[in-house]
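The values are calculated or read from the model by the stated rules, or taken from the named source; none is laboratory data. Since the model is a prediction, treat every value here as computed from it, not as a measurement. Don't worry about glycine lacking a Cβ; one is built from the backbone with ideal geometry, like all the others, and counts go over all protein chains shown. When the accessible area is computed, the model is the full protein with side chains, heavy atoms only, and any ligands, DNA or RNA have been set aside. Shrake-Rupley method; radii C 1.70, N 1.55, O 1.52, S 1.80 Å.
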Amino acid sequence: MNILPEQYIISFIIIFFSALVQAVTSFGSALVSMSFLPLLLPLNIVTPLVALNGTFITALNFLRLHQHFDPKKIKPLVIGALPGIPVGIYLLVNISEEIIKTVLAIVILAYSLYSLLHSISKIKINAKAGLLLGFFAGCLAGAFNTDGPPVVIYITSQKWSKDEMNISLSSYFLISGITLVTMHTTGGLITKDIVYFFIATIPATLLGVIAGSFIYKKINHETFQTIVLILLIIVAVMLIVQVHI
């Protein structure tokens, strides 16, 4: 795998910002990386690289807030996601990517816009719906490595503190990330060259997490929720643009 110096520098910058976003909101690193890295590198390199990088970022975030961890909070999501991941891999091969992305974008936009225009405390998604969102997230993880939006929709609907939401997001994505990395490894997608490239970008990840952690400490609960919802809207718009390009 031949990586040009300019490709590495731009990748370094993209990974820095993806880590910063993840440190502030506890999701979004894969969405940022998968939106820009494929413009520089082949998808068969980007997908396993993003899986490795995202899992590493999530592990750092989990360690930072582990004292707030409560496994019961993410139980519906995990139970739903585990069977969803292999289904996502099947869908990637057999179903139009445009259809999946369009449906996802509509759901994200509807929820995020409603939540911004109304009090988010009025909306609470129960555990049964959490199972369905978890399954949907697993499908997206298996197909596109971007399982964030359904998980964020469920967690931001709960009446939890900023730290509880953050650690819940981090703990879910850590489990999901380890599963994805395992599948990529057993499938032969993670090669020595990809591991070397991942190691070379670790400084970008660490700098991004440090910068994001500093920003995270400066924002209150309401601001945190607003940032997450705005990011969801941006993600939905990006999905629609990708479908129609």
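A few points about this structure:
- Dimensions (Å) - region 52-189, Cα atoms, principal axes, largest first: 44, 35, 24
- Cα gyration tensor shape of region 1-69, rounded if a/c is under 1.5, else prolate or oblate by comparing a/b with b/c: prolate
- Dmax and Rg, reported as Rg then Dmax, of region 1-116 (C-alpha, Å): 16.5, 46
- Furthest towards positive pole of dipole, Ser11, Leu43, Ala23, structure part region 1-134, Cβ charges: Ala23
- For the chain, the spread of Cα positions along each principal axis, largest first, Å: 52, 42, 33
- Under a model in which nothing but the beta-carbon of Lys, Arg (+1) and Asp, Glu (-1) is charged, the chain shows a dipole of about 700 debye around its Cα centre.
- For region 180-245, the spread of Cα coordinates along the three principal axes comes to 43, 36, 21 Å, biggest extent given first.
- Among the protein heavy atoms of the chain, carbon and sulfur supply 72% of the accessible surface, probe 1.4 Å, non-protein parts ignored.
- Region 18-109, relative contact order in percent, only Cα pairs under 8 angstrom and at least six apart counted: 20 percent
- In summary, the convex hull built on the alpha carbon positions of region 118-223 has an orientation-averaged projected area of 8.2 nm².
- Over the chain, Cα pairs under 8 Å with separation of 6+ residues give a relative contact order of 36 percent.
- Centroid-to-centroid separation of region 53-85 and region 169-212 [C-alpha atoms, Å]: 14 Å
- Whole-number accessible area per residue in Å² for region 9-64, which is evaluated in the context of all protein chains at 1.4 Å: 34 Å²
- Kyte-Doolittle mean at least -0.5 and Cα axial length at least 20 Å: DSSP H helices in the chain: 5-25, 43-65, 71-94, 97-117, 127-144, 162-186, 202-218, 221-244
- Solvent-accessible heavy-atom area per residue, rounded to whole Å², over region 93-193 at 1.4 Å: 45 Å²
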